[in-house]
Amino acid sequence: MKKYVVKIVVLVAVIVFAACSTLTPAQKAERRAKVEQAVNQALEEREYKIDIDMMYPRSGQARNVTSDYSLQVKGDSVYSYLPYFGRAYNIPYGGGKGLNFKSPITNYKSEKDQKGTTFIYFNVNNEEDYMEFKLEVFDNGNASIDLTPREREPISFSGKLDLVHTQ
């Protein structure tokens, strides 16, 4: 009987502590507004990093990404550290660098729709391939990347804007 009383007391304590930590609607709205402002500022300054958590090859299943893969834009340069699964049509001997590169950006274009989603388009031409990027960044920091290289099958990624390192 004493064991049941202890278990019930612990359960009630956990429920009480969980209830105390919930945010009020005003606090949630304030937090959402701060995140939205940080996302918009990072995109306007062209200083942002998207940490990847899923990849979607055109041929094959979606895969969770467990390493620190990311795409970072700094001014007029892109730093790509992305995984690749798919068919490559024409690559250098030995496999090349794949999607791990630093290159200048060309044709950078950003537009925002009525729902607050920002669409970013840019191209990269490095020594191995010409690539077209389409980024879709939501106000809450979630992002998707559609990458269309000339010498490989297209691939997509999803992740989150790294707001800690962009501020």
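With the chain treated as a Gaussian network of Cα nodes joined by springs under 10 Å, which of Gln114, Gln61, Gln41 yields the largest mean-square fluctuation?
Judging by the Gaussian network model, the answer is Gln114.
Have a look at Thr117, Thr148, Thr24 and tell me which one the Gaussian network model of the chain (Cα, springs below 10 Å) gives the largest fluctuation.
Looking only at Thr117, Thr148, Thr24, the biggest GNM fluctuation is shown by Thr24.
On a 0 to 90° scale, report how tilted helix 25-44 is relative to the longest principal axis of the chain, with both axes built from alpha carbons and the result rounded to the nearest 10.
20 degrees
For the pair Glu44 and Ser77, how long in nm is the line joining their label points, each one 7 Å along Cα→Cβ?
In this crude spin-label approximation the distance works out to 2.5 nm.
Of the trypsin sites (Lys or Arg not before Pro) in the stretch 84-167, which ones lie in a loop per DSSP and count no more than 12 other C-beta atoms within 10 Å?
Details: sites: Arg87, Lys97, Lys102, Lys109, Lys112, Lys115, Lys134, Arg150, Arg152, Lys160; in loops: Arg87, Lys97, Lys115, Arg150.
Qualifying residues, ordered by number: Arg87, Lys115, Arg150.
Of all the C-alpha pairs in the chain, what % are more than 30 Å from each other? Provide the component values of the computation, followed by the final result.
Values: 4526 of 13861 pairs.
Here the tail beyond 30 Å accounts for 33 percent of pairs.
Using alpha carbon coordinates only, what is the Rg to Rh ratio of the stretch 72-167, with Rh defined as the Kirkwood radius? It would help to have the intermediate numbers written out before the result.
Details: Rg = 13.9 Å, Rh = 14.3 Å.
Taking Rh as the inverse mean 1/r over Cα pairs, Rg/Rh reads 0.98.
Which GluC sites (Glu not before Pro) in the stretch 19-93 pass both tests, a DSSP loop state and at most 13 other beta-carbon atoms within 10 Å?
Numbers: sites: Glu30, Glu36, Glu44, Glu45, Glu47; in loops: Glu45.
Loop-located and lightly packed - Glu45.
Once the convex hull of the C-alpha atoms of the stretch 117-167 is built, how many Å³ does it hold per residue, rounded to a whole number? Spell out each step's value before the answer.
Numbers: hull volume 4.5 nm³, N = 51.
Here the figure is 88 Å³ per residue.
Could you work out how far the C-alpha centroid of the stretch 106-133 sits from that of the stretch 48-71, in angstrom?
Taking the Cα centre of each part, the stretch 106-133 and the stretch 48-71 sit 18 Å apart.
Each value in this text was obtained by applying a stated rule to the coordinates, not by laboratory testing. These numbers were taken from a predicted model, which means no experiment stands behind them. In this analysis, Cβ positions are derived from the backbone assuming ideal geometry, glycine residues included, and neighbour counts consider all displayed protein chains.
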